[in-house]
Structures are given as structure tokens and as C-alpha cells.
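As C-alpha cells, the structure follows; a few thoughts come after it.
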Amino acid sequence: MTTKDEVKALWKLCFTDSDEFTDLYFDLRYKDDINMAVREEGKIISALQMISYPMTFCGETIATSYVSGACTHPDYRSHGAMRRLLRLTHRRMYDDGILLSTLIPAEKWLFGYYAKSGYTPRFGYVMERVNVEKLIPSGSYRVEEEDEASAELYQYFDNRMRERACCMLHSYEDFLVIMADLRLGGGKVLVARRADRMAGMAFVVMDAGSLYIKELLEMEKDENGIYHARPDCWQQYFGYSFLYDYAFDAGTSMATDQFYFDYAGEQYAFWIWRGDYINLGAGAEAGIYYGGGPFWAVDTDLAMRMSMDVYYQGENIISYSDTTWWLTGFNPEYLNVSAGDMSVVYTIVFSDPGMFSAFCAANGKYWNCNPMNFSATYRFG
């Protein structure tokens, strides 16, 4: 039996992956030269693979090694085999000039286990659940399903990943594995195009009647390195709810406020945020919504001139303005920030004088309203 066959048999014994996924992994990803193993009595009792991934880090790209498939035969567990294997693995990484190792614990209790070998939680994500009764595509974009891992698809994927702070990068060969794995799980890649130019990409999977967007790549980066969401992005179809704030604040540091007013028989809310947007960095948002809760709707015709100046510990880190219904700005150079160390100065210029009057009548004690140009300014934080 070859080393590969032994490791594959151990994998099947330890994990519950499908045969299709296991075959995919050992056909496309596994190589003997990235495998580390502990043998006893002539057989492999513990194994893992060291997969090299570059990572964006503080404006540079550094080498890292991802620990995959770490497993020990059930008969040999609780005797230090994996701890010994990790020490050997880390020594080999160090000798190869790799100073950073990553892994994804399969279960919560493993976070504590791997902490004993020097690992600590550093990557985060937030899950949002959205109920959508009707989704109306934007007339500006054409959305298509992509079956092939084309060079164009990979180039867009790679460019967007390289724009993120502290992001693991993938080669084209890795991308082929990602696409194959997605297909095995019944998923697909959706691509948005505007005038035949790629403008967005989503990796999606259907499960039990729900659509899971596993990865969404659509942010735009300006000449100052600041990320912005497009005003005609997918969020316009979902609106907003307090539930999203509760979910997001549970995973990061966030501050938010709302300013309500009535105008022409409709209820409106101007919603603002500041805080830590995980991999996007420190940032802020401002948006106008209508209709009342619990889910506030979006009308893109409400677009008006908005601007923001975002400060972190007194330093101006974002200055941005646009005519939009939703203004956003995220600076990836400032990670793991506290919303308490941030402040934002928002200015909105109403295109409708009547709406300006209604807004200021309800919120004039908070906002500095200027009837000369129908603007309102507020310092948040």
C-alpha cells in the first residue's frame, strides 16, 4: 500500500466526507511531499497535509501553510500523536521559511486543543439571514451561471481576493478544486456583467429550500484603497432590519443609530453605522429606507448627495461622497478596531426641499440643518 493509499484510508476512517469529495481531494490536492505522518508498528497512525497559500498581510504578500486533514487513528488517540506531529510540521515549515500556519477546526472544542500548539482565532465571518419574497434583477446587470473555470473567472476572483486584507490567495489549480468541490455540493457560480464586463461573482449552494451565498465578491476599490458598495448592488432588494444589526454586532464591534421622519404619507428612516467590518476593515455606512419595520425597504430613486468623514483615534481614515441611497466606505488598513475609537461626520443634501423640512422637523435637535442648501450634518461618536 502506498503512502497516499494509507493516508486516504485513515481519512475515510476519521472523517465523514463523501467518497466523491475524498476522491477529489486525493486526486487534485494531495501529494506525498506535502504530507506529514507519524508511524507506529509500521503503519501511519496520524497524518496531515501542509498546503501552501500566499496571504495578503499589511500591504504585502507572505507565505503561509494551511494544515489540512489532521487526523489520528481512533486506536491511538489521547497519546500525544497529533501534538507530536504538529511539532514536526511546524519545524518543517520554519525550515522552509514559512512563519505562519493556519487551520480550520472542525468542531468548537478543537479551538482549545489547537491553542495548546500555538493557534489562536484570527479570521472571522458574519452570517446574515434574509427572507426574500420577490427578487427583481437590476436592468443594468446581466446575471449568468458559469460552468467553466475560465481564465476570466479566475482573474476576477484573484483580483478581488488580493484587494482584501489578511486574505488567503489561491492559484488557478486551487480554483479548479474550489469549482469542482462546489459542483459536488450542488452549488454553482453566478456572475454579474455590466456591458460585458464582470462586475460581481457569487458562489451559491441550495440546501433545504434556502440559498446559501458562500462567497460574494462585488465591492469596488477606489484610488485611495477604500472599498465601496455599488448603489445598485444586491442589498437594494433586501432592505434592512434591526435583526441584521443584532447579528452583526454579535460578531464584531459596531455602533448604529436611526433617525425617523414622515413625509408625503410615508415613513422613512435614515440609518447610520460605524465600526469594524472584519476583513474590510474600519468603516461606516449611511442609508435611507422607507415603509416601517420590521423590514425597511429601499427605493433607489431616493438617492441624494451624501458624504462621510471617518475618524479613527482622531485620524481621518476615509473621506468620501456620492449621490446614492446607501453610502459606504471601508479601510482595510485598520483591522480589529473598536467602534468606540471611531467617529463619523455625515452630511446629506436633500434633493427634495419638502423631505428636508420633514427630516429636520423630526431630527433638528440632533442634526445641524442648513435651509440655504437643504443640507443636514451630524457627528456620530
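Derivation of every value follows stated rules applied to the coordinates shown; laboratory data play no part. Note that this is a predicted model, so its numbers are computed, not measured. In this analysis, Cβ positions are derived from the backbone assuming ideal geometry, glycine residues included, and neighbour counts consider all displayed protein chains.
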Over the range 272-353, the quotient of the Cα radius of gyration and 2.2 N^0.38 Å is 1.16
Identify all lysines with a Cα-Cα distance to LYS188 below 17 Å; exclude those on the same chain that are fewer than 8 residues away in sequence.
LYS214
Given Cα pairs under 8 Å that are at least 6 residues apart, what percent is the relative contact order of the chain?
11 percent
Vicinal HN-Hα couplings computed from phi for the range 107-116 (Karplus, 6.51 cos²θ - 1.76 cosθ + 1.60; Hz; Gly/Pro x)
9, 4, 5, 6, 4, x, 4, 6, 4, 5
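Compute the Rg to Rh ratio over the range 1-78 from the alpha carbon atoms, using the Kirkwood formula for Rh, and round to two decimal places.
On the way: Rg = 14.3 Å, Rh = 13.7 Å.
When Rh is taken as the Kirkwood radius, the ratio is 1.05.
Show me the trypsin sites (Lys or Arg not before Pro) within the range 285-381 that DSSP assigns to loop and that have at most 14 other Cβ atoms within 10 Å of their Cβ.
Working: sites: ARG305, LYS365, ARG379; in loops: LYS365.
Taking the range 285-381 and a limit of 14 other Cβ atoms within 10 Å, the loop trypsin sites (Lys or Arg not before Pro) found are LYS365.
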Per the helix-only model, the chain has a calculated mean residue ellipticity at 222 nm (DSSP H runs of ≥4, -39500 (n - 2.57) each, divided over all residues, rounded to the nearest 500) of -7000 deg cm²/dmol
In the range 275-292, whose amide N lies under 19 Å from the spot 7 Å out along Cα-to-Cβ of ASP257? List them in ranges.
275-276, 283-289
Rounded to the nearest 0.05, FRET efficiency between THR3 and ASN159 (Cβ-Cβ, R0 25 Å) equals 0.10
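Sorted by average packing, counted as other Cβ atoms within 10 angstrom per residue and highest first, what order do 159-168, 37-46, 114-123, 340-349 take?
Values: 159-168: 17.1, 37-46: 15.2, 114-123: 12.1, 340-349: 18.8.
Packing proxy ranking, top to bottom: 340-349, 159-168, 37-46, 114-123.
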Explain nothing, just compute: Karplus ³J(HN,Hα) = 6.51 cos²θ - 1.76 cosθ + 1.60, θ = phi - 60°, for every residue of the range 32-45 in order, whole Hz, x for Gly and Pro.
4, 6, 9, 8, 10, 8, 10, 10, 9, 6, x, 10, 6, 10
If amide H atoms are built 1.01 Å from N in the plane of the peptide, which residues on other chains or at least 5 residues away come under 5 Å of the amide H of TYR334?
ALA282
Straight-line reach only, C-alpha to C-alpha below 30 angstrom: list the lysines that LYS43 could link to, leaving out same-chain residues fewer than 8 apart.
LYS4, LYS8, LYS12, LYS31, LYS108, LYS116
Under-5 Å amide H pairs with ILE318, H placed in peptide plane, nonlocal only:
VAL310
Given Cβ charges of +1 for Lys and Arg and -1 for Asp and Glu, the option among PRO54, TYR346, MET372 whose Cα lies farthest towards the positive end of the dipole of the chain is PRO54
I need the phi-derived Karplus couplings for the range 310-324: 6.51 cos²θ - 1.76 cosθ + 1.60, θ = phi - 60°, integer Hz, Gly and Pro marked x.
9, 10, 10, 6, x, 9, 6, 10, 8, 10, 7, 9, 6, 9, 6
Paramagnetic label zone (point 7 Å from Cα along Cα-to-C-beta, TYR172; backbone N under 15 Å) in the range 146-161:
148-159
